[in-house]
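Here's the structure we're looking at; comments come further down.
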């Protein structure tokens, strides 16, 4: 969804919501126009548990009055609050933990960087705390952000720490890179602050992988300089109690480099780390993935015990025709997620992609005497690779979809960087994976043009016993109506139907089964 | 843009009444499903009357006339939509019962003028009755589920009739107009419009003052209507002590939507051919709906209760009696069984018709648990599951399942199930509940079968409808087919 569309949707959404909220005083919006500043999902352990709507209700001198609505996962309002804030305050993220919701705000009009702060509310909407962050420390970093996006991890933002509170991650403005972290308790008070950066002349990029009750787990890439293509990779663990470093373990092990994809507890209660695997001798920024790895992780000591390294060429050759160590007959492999099923088996969700030459791009290249790019990325079928509970690849199920092509900014882009670029731009068909309500099945939501079907969104639900089922969200074209499909509570997608003529929007959660 | 309306100033004499719920006889027998006449067809005169209104002559200045016009337009619009959109029915059984009591009240109270008063039956599930002014009194269908005898119904009607006799509606309009046309109000509104900052807060304060003022008056007026209502029904020979019990049910009325003891959801589905895994596996996921939160939104406005405490009202009306325990939803009552059956059938029909399938299934389960006519509710359950299957295909399942119930309640269990169950299970349930009534009544059976075939089996709608209409040219279901 592009930003312009989102803006339209959001503005109308508030009219709908405000009618509900002010059901006893519907006319209030006639006096002051109500603008929705932002609407975000409230997450807990990376799952959606509710929604937060934040909008301006009153203009004040050099300030504004805002209203916050907290909705449960079924879109039912459960709490609200009104407070004064800067003129253009935006709500960025919302995280839930132990009956508290942490909201991360920023003031876009601050000239000296962004002013960041978080507010903590109970579910009724009563404010229980506020923790500011020094605006001088904020800066964006595209490379780290792209890598974090590729792995569905948090480059900058917040996450909950089970039973303990919240962790806020801010990218450091220092030339040496790094992050600044704030741990906030469920009482709404700052528990500790911590900074991680490289030594002078070096560069560190970090992003948040996961949190456990014991540790804040971060991925760290240390480089000789900001432009360096190679990097040393580390897994860093900080104590949730005081922010002190528990461990910093290298992720370059036995000639292989590991880039963590996800960290989660399996059915036996063990913490598992799933990583994309590269050859350590190739430069990290441009290297091609050659497989993926499953390891057990101790979140207190940082010990990593490799359970199995899956090499595309050697270990998956029985189900996948590989041309070389990173490319199959169907193209390069982009692994999106590894679903851990209740019976101990696993399903790798991925897509095939290729680097091809565009006829139009070639013409432009000739016309521009070589300065334009003729290269394009072609995204092909999705696949589900099944691995049984003895860690053997059993089968590969392809989900056919039409090829989609995206021009690349330069001909010389490496496969590794290309995969990151496509992920960061949300160009792959894969959208997200969700665990079902009871943890029995996993659902992958993807978009694209599937076989004979028209362009749409499809939910692919994987069952350990029954293969997979697909549910297509085929939406008929209607005059003045636009549909948006986004993530809903587990097992659902949120369908937003926007009527541009009536300026109304209806929200509908759709079951993916 | 029209001038802002003020909801509390245009809503009149809205009064909630709640009454007792009961079990019915267990020896339920098969009855044909009967539908009451819908208001758009049978109340055309009333609709025309509501479209026309005249500003009374005593509003001489233009500002007062404009406000009266605005307020009345708002009120009539609401009322008009009730009639035009078939939220009112002409149900001979329920309406006759109300009119029978009303006539007895008229006969016993010669000093009052009742000529303008007319009673109507609203299809709302909320146990409620309301006086809309100008003689229009609505009794909600949901109220009949809780009423156990004539005395209780008489107290409800007596109260609403009193609002009309005491002219509470019109006097409230007059008071509101006086306030809205006062120099002070007009000036403050102008100031707010001109202001650069803080408009919202100032406007809210202005409206809050009006709401608080009207809230105080409402409480007084409710007590006044209680007093006159008691006099009216006592004169008519109704037993006040028995009647007053209806007030004790006020605190219990929400049980129909919040209780977890109305039926065992798991046991109901255990008899069906669906996969039982949903009820065996405990969901891992907990969204915010699983956390019990009492919303503090608009707490200032919430505090303006229009009705005094129900236990106090009971004590006051019953002459100081100590409150007795009332067992709503558990007492099997026979004397009002017919009315409850009628009301339940119409409520379920209305919920099905208006796509509130979560609530509809919930009431069907409740009815089956309490030995209401089983065939009727089996048909409606089949219809609901077929429709939900169809809604799922059209991306409208969530709204139809209507998951807005309290955590832990039977209603919530049902709504969650409707939303989370697989479409394969919906199909099985539609077929299962249909199979429980094999040809009991050909018209009902044929309609339910047709809906199953068109909504679940995706058979051609046009030919199925034509065939049904050909077989039953005057079927009570034809309006549903036309609507679809």
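Once you put a point 7 Å from the Cα of residue A:199 and another 7 Å from the Cα of residue A:300, both along the Cβ direction, what distance in nm separates them?
The answer from the label model is 3.2 nm.
I'd like the FRET efficiency for residue A:364 and residue B:77, computed as 1/(1 + (r/R0)^6) with the beta carbon distance as r and R0 of 60 Å, rounded to 0.05.
0.50
Measure nothing fancy, just the Cα-based angle from helix A:415-424's long axis to the longest principal axis of chain A, in degrees from 0 to 90, nearest 10.
The angle comes out at about 20 degrees.
Between residue A:189 and residue A:319, what length comes free when the chain is fully extended (0.36 nm per residue of separation minus the Cα-Cα distance, one decimal in nm)?
Full extension of this stretch gives 41.5 nm more.
Rounded, prolate or oblate: which fits segment A:188-286, taking a ≥ b ≥ c as square roots of the Cα gyration tensor eigenvalues, rounded meaning a/c under 1.5, else prolate when a/b beats b/c?
Taking the square roots of the gyration eigenvalues as a ≥ b ≥ c, segment A:188-286 is oblate.
So what is the orientation-averaged projected area of segment A:248-391, using the convex hull of its C-alpha atoms, in nm²?
Here the figure is 10.6 nm², rounded to one decimal.
By per-residue mean of other Cβ atoms within 10 Å, what is the highest-first order of A:163-174, B:152-163, B:382-393?
B:152-163, B:382-393, A:163-174
Given a Förster radius of 30 Å and the C-beta distance between residue A:63 and residue A:174 as r, what FRET efficiency does 1/(1 + (r/R0)^6) yield to the nearest 0.05?
Computed FRET efficiency for residue A:63 and residue A:174 comes out at 0.40.
Would you please report the Å³ per residue occupied by the convex hull of the alpha carbon atoms in segment A:335-453?
Per-residue hull volume (Cα only) is 112 Å³.
Can you pull the one-decimal nm distance between simple spin-label points at residue A:477 and residue B:41, each 7 Å off the Cα toward Cβ?
Between residue A:477 and residue B:41, the label points sit 4.1 nm apart.
Which residues in segment A:470-513 place their backbone N less than 20 Å from a point set 7 Å from the Cα of residue A:400 along the Cα-to-Cβ direction?
Counting only backbone N, you get A:470-474.
Over 46 Å apart: what share of the alpha carbon pairs of chain A falls there, rounded to a whole percent?
12
Expressed as a whole number of Å, what is the distance separating the alpha-carbon centroids of segment B:115-155 and segment B:216-251?
Each part reduced to its Cα centre gives a spacing of 14 Å.
Please say if segment B:384-484 is rounded, prolate or oblate, where rounded means a/c under 1.5 for a ≥ b ≥ c the square roots of the C-alpha gyration tensor eigenvalues, and otherwise the choice is prolate for a/b larger than b/c and oblate otherwise?
prolate
Could you tell me what fraction of 2.2 N^0.38 Å the Cα radius of gyration of segment B:334-439 comes to, as a two-decimal ratio?
In units of the 2.2 N^0.38 Å rule of thumb, it is 1.04.
Points 7 angstrom from Cα along the Cβ direction at residue B:111 and residue B:311: gap in nanometres?
Between residue B:111 and residue B:311, the label points sit 3.5 nm apart.
Quick check on segment B:47-190: take the gyration tensor over C-alpha atoms, sort the square-rooted eigenvalues as a ≥ b ≥ c, and tell me if it's rounded (a/c under 1.5), prolate or oblate.
Verdict is prolate for segment B:47-190.
Using a 10 Å cut-off on Cβ to Cβ distances, tally the other chain neighbours for every residue of B:416-423 and report the average as a whole number.
Whole-number average of other-chain Cβ neighbours for B:416-423 is 4.
Treating the Cα atoms of segment A:330-399 as identical point scatterers in vacuum, please give the log10 of the normalised Debye intensity I(q)/I(0) at q = 0.14, 0.18, 0.21 Å⁻¹, two decimals.
So the normalised log intensities work out to -0.56, -0.70, -0.83.
Quote the relative contact order of segment B:66-203 in percent (integer), defining contacts as alpha-carbon pairs under 8 Å separated by 6+ residues.
19
Fully extended, how many nm does the chain gain between residue B:175 and residue B:62 (0.36 nm per residue separation, minus their Cα-Cα distance)?
The residue B:175-residue B:62 span can extend by a further 39.0 nm.
How big is the gap, in Å, between the Cα center of segment A:45-113 and the Cα center of segment B:371-395?
Cα centroid of segment A:45-113 versus Cα centroid of segment B:371-395: 40 Å apart.
Bear in mind that the values in this text are calculations on the coordinates, not laboratory data. Everything numeric here is computed off the predicted structure, so don't read it as measured data. Counting neighbours? That spans all protein chains shown, and the Cβs are built from the backbone with ideal geometry, glycine included.
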